[in-house]
Amino acid sequence: MTIFFPTDEQQLLNRAKLAAGYTFAEIADYLKMPIPENLNKQKGWVGNLIETFLGANAGSKAERDFANLGIELKTIPVDKQGRPLETTFVSVTPLMANYGVIWETSHVKYKLTKVLWVPIEGERTIPLAKRKVGHPILWTPTAEQEQQLKQDWQELMDMIALGQVEKITARYGTYLQIRPKAANGKALTEAIGENGHIIMTRPRGFYLKKSFTMQILQSSIL
């Protein structure tokens with residue numbers, strides 16, 4: 001097996017189309033990667049499998065997955081009807097030192113400038129090895145989508161700056177939401193509290209709501 005690294009957008013898209021229809025077992029066998037029995041202790045395994053097959057080069061760095069192409073990769077588990085089964089993580093939410101931060105230079109905008117979405121079968125009734133990869137979608141936000149993402153981001157960041165981080169629930173935001181992001185509830189980080197003092201709270205992450213990713217998946221079918 002030769003290691004694949006895409007040098008342009010079309011090459012990457014062609015490679016992603018090549019994976020469509022194959023099972024995780026078939027792709028893992030090609031890559032000589034062991035398959036876990038389940039994802040309980042290896043939540044990132046599927047993403048890693050697709051990243052390896054497509055030649056993503058960012059690893060765990062804060063860059064886009066295909067830094068040379070300016071493209072982020074997102075695997076998205078879907079049900080039999082093609083509906084997203086979970087929200088999509090975008091980036092860690094900065095809870096401190098946010099003075100002067102604007103949407104145009106935010107990490108969320110950076111990550112969502114151009115995304116290669118790879119739907120994957122995610123229903124737990126299907127054994128992991130037999131789950132298949134779906135048809136890829138190369139997506140750039142429309143002007144309307146970006147405007148709403150920007151509005152959500154601004155409102156959420158304003159709440160953080162005003163010391164209201166503990167009041168933010170997953171219901172806030174139309175497309176973008178903030179949720180706790182940590183392996184367990186014991187991990188804590190600094191944030192601004194209501195009285196302006198520093199408090200300790202759970203790390204947060206920006207996530208795309210399922211209703212929004214459903215919109216992206218549906219628009220590719222039209």
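The values are calculated or read from the model by the stated rules, or taken from the named source; none is laboratory data. Keep in mind that what you see is a predicted model, and the values were worked out from it rather than measured. No Cβ is skipped: glycine too gets one built from the backbone with ideal geometry, and neighbour counts run over all protein chains shown. When the accessible area is computed, the model is the full protein with side chains, heavy atoms only, and any ligands, DNA or RNA have been set aside. Shrake-Rupley method; radii C 1.70, N 1.55, O 1.52, S 1.80 Å.
Per-structure values
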{"item": "The range 82-178 - charge dipole about Cα centre, Lys and Arg +1 at Cβ, Asp and Glu -1, debye rounded to 20", "result": "480"}
{"item": "Largest-first ordering by accessible area, 1.4 Å probe, given options D29, D65", "result": "D29, D65"}
{"item": "The range 169-208: mean projected area of Cα convex hull, nm²", "result": "3.2"}
{"item": "Euclidean distance of C-alpha centroids, the range 1-78 and the range 102-129, integer Å", "result": "12"}
{"item": "Around W45: net Lys/Arg minus Asp/Glu count, Cβ-Cβ under 13 Å", "result": "+1"}
{"item": "Modelled FRET efficiency - R0 22 Å, Y110 with E155, Cβ distances, 0.05 increments", "result": "0.70"}
{"item": "Percent RCO, i.e. relative contact order, over the chain, from Cα pairs under 8 Å lying at least 6 residues apart", "result": "21"}
{"item": "DSSP-defined antiparallel bridges as percent of all bridges, the chain, nearest 5", "result": "75"}
{"item": "Three principal axis lengths of the range 120-220 [C-alpha, angstrom, descending]", "result": "51, 36, 19"}
{"item": "Length added when fully stretched, N40-A170, from 0.36 nm per residue minus Cα-Cα", "result": "44.4 nm"}
{"item": "For the chain, size of Cβ-based charge dipole, Lys and Arg +1, Asp and Glu -1, in debye", "result": "560"}
{"item": "Shape parameters for the range 1-124, alpha-carbon atoms, Rg then Dmax in Å", "result": "15.8, 49"}
{"item": "Under 18 Å from K109, Cα to Cα: aspartates and glutamates that are on another chain or at least 8 residues apart", "result": "E63, D65, E72, E144, E146, D152, E155, D158"}
{"item": "Listed values (1) -0.28, -0.44, -0.54, -0.65; (2) -0.37, -0.56, -0.66, -0.77; (3) -0.31, -0.49, -0.59, -0.70, entry calculated as log10 I(q)/I(0) by the Debye sum over Cα atoms at q = 0.08, 0.10, 0.11, 0.12 Å⁻¹", "result": "(3)"}
{"item": "Over 20 Å (Cα to Cα) - which of K150/K210; K130/K181; K41/K167; K43/K181; K74/K181; K111/K209 fall in this group", "result": "K130/K181; K41/K167"}
{"item": "Exposure ranking of R131, R124, R171, R83 by accessible area [1.4 Å probe, largest first]", "result": "R124, R171, R83, R131"}
{"item": "Estimated FRET transfer efficiency (S219, D29; beta-carbon r; R0 35 Å; 0.05)", "result": "0.55"}
